[in-house]
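The values are calculated or read from the model by the stated rules, or taken from the named source; none is laboratory data. Owing to the predicted nature of the structure, the values given are computational and were not obtained by experimental measurement. So basically every Cβ, Gly included, is an ideal-geometry build from the backbone, and we count neighbours across all protein chains shown. Please note that ligands, DNA and RNA were not included when accessible areas were found on the heavy atoms of the full protein model with its side chains. Shrake-Rupley method; radii C 1.70, N 1.55, O 1.52, S 1.80 Å.
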Amino acid sequence: MHHPFSIDLRSLPSDGKDISGQEKASFFALDPKDSIQAVSPLKYELHLERDGSDLLITGQVEATFSLECGACLERFEHRVELPHYASELEIAKDSTINLTDTIREDILLTLPSYPRCDAGNVHPRQCPAEGRFQQVPETAPDEPQNAGPGVWEALNKLN
């Protein structure tokens, strides 16, 4: 069975080990109903090296995702390229360590929290919803003085 991110620490050379290749888009294990979908394989070139009780992972990773725009709700592609990828894992015991979750999470965390198609980096475009919605003020308006106990006073009563 193919497990490129399952590393046997007992056989890891003292000067480290290089691994490279690609994994199918299913590597990201995203729900088909999710607004984020991987549309390309994960490509990686990594160097693994032991540093005392830590495993250092450096190199580069890249993958392309399809995201749903938060304004127009249309799908667009966003490419994640981490040319200076670095991660560090604590080694609990000298056996086998699986890097899959770490690499998957590190890549997914780089995706935008509020995706906008005009920020897509594969096929740049202007969002069709641009200018159709009023901008929401950044802060809520002040509460009138005669409005009774404020929100903070209600919270203080809970203590």
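Data overview
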quantity	calculated
Where Ile19, Ile7 fall by accessible area, highest first, once all protein chains stay in place (1.4 Å)	Ile19, Ile7
Whole-number accessible area per residue in Å² for the range 6-125, which is evaluated in the context of all protein chains at 1.4 Å	58 Å²
Modelled FRET efficiency - R0 30 Å, Glu90 with His123, Cβ distances, 0.05 increments	0.15
In nm, spacing of pseudo-spin labels at Leu109 and Ala71 (7 Å Cα→C-beta vector)	2.9 nm
Solvent-accessible surface (1.4 angstrom probe) belonging to Val122, in square angstrom, nearest 10	50 Å²
Length added when fully stretched, Ser53-Asp34, from 0.36 nm per residue minus Cα-Cα	3.2 nm
Of the GluC sites (Glu not before Pro) in the range 1-109, those whose Cβ has at most 16 other Cβ within 10 Å and which sit in DSSP loop	Glu74
For the range 6-125, Kirkwood radius (reciprocal of mean inverse C-alpha pair distance, Å)	15.6 Å
